[in-house]
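Worksheet: the structure to be examined is printed underneath.
The values are calculated or read from the model by the stated rules, or taken from the named source; none is laboratory data. Bear in mind the structure is a predicted one, so any value in this text is a computation, not a measurement. So basically every Cβ, Gly included, is an ideal-geometry build from the backbone, and we count neighbours across all protein chains shown. These accessible areas exclude ligands, DNA and RNA; they are computed on the full protein's heavy atoms, side chains included. Shrake-Rupley method; radii C 1.70, N 1.55, O 1.52, S 1.80 Å.
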Amino acid sequence: MNMRQLVLMAGAALMLSGCGINDVPTKGEAADAAWAEVQNQYQRRADLVPNLVETVRGYAKHEEGTLSAVMEARAKATSVTLNTTDVTDPQQMQAFEQAQAELSRGLGRLLAVAENYPDLKANQNFLALQSQLEGTENRIAVARRDYIQTVQTYNLEFKNIPDKWVTSIFHGGAEPKTPFQATPEAQTAPKVSFQ
């Protein structure tokens, strides 16, 4: 190998090391980790639901329909799972979000039922569970925001030049990930009635 070939190879290696060839795997792993945190927070919420339902059940026996609906929504929400390879499929992401939204609506109805039972609202166990649920909903919002940001950063690797070229050459099988999107129901403000 002559000196010219050696210099060209060294130059090519230097250019490749600085061209972002590792950006797709690095940013993809960050998006996968953010997705794992979203799932972690949804699981935390799902784990709280049975305790909350049982606490309400003790006070509101004739609200069995609401309690059953919440447990069914929980079962559906925990059965619809997405692994890191599924987040590139918008339909699977939408099914996951719909199942989680159904559970959120059920929990909202459950907490509204609790308003009709002053003894339940004063129960320390219920208050602690309600506080944990509120905290978990906040954690879900933060985890979703973080996921959206990491997916945005990752997906830019497929749009910006020269990143787009590097991605297509060296990571041809990689695909953009699907960010969260608000459900159509989220676009309508809930009706509140103080009767």
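Scanning segment 70-90 for residues that are part of a helix (DSSP H, G or I) and at pLDDT below 90 yields D86, V87, T88, P90. Scan A101, A122, A33, A95 and give me the residue that is closer than 23 Å to T178 by Cβ, open to solvent by 10 Å² or more (accessible area, probe 1.4 Å), of a type in the set (A, V, I, L, M, F, W, C) and out of contact with any helix residue (DSSP H, G or I) (no Cβ under 9 Å at 6 or more places or on another chain). Result of the check over A101, A122, A33, A95: A95.
Scanning segment 36-60 for residues that are open to solvent by 60 Å² or more (accessible area, probe 1.4 Å) and either over 20 Å from T78 (Cβ atoms) or outside any helix (DSSP H, G or I) (or both) yields a single hit, Y59. When segment 125-157 is filtered for residues that are open to solvent by less than 40 Å² (accessible area, probe 1.4 Å) and without any contact (Cβ under 8 Å) to a residue 40 or more places away in the chain, the ones remaining, listed by number, are G135, N155. Summed over segment 165-195, residues that are charged (D, E, K, R), modelled with pLDDT under 65 and open to solvent by less than 80 Å² (accessible area, probe 1.4 Å) total 0.
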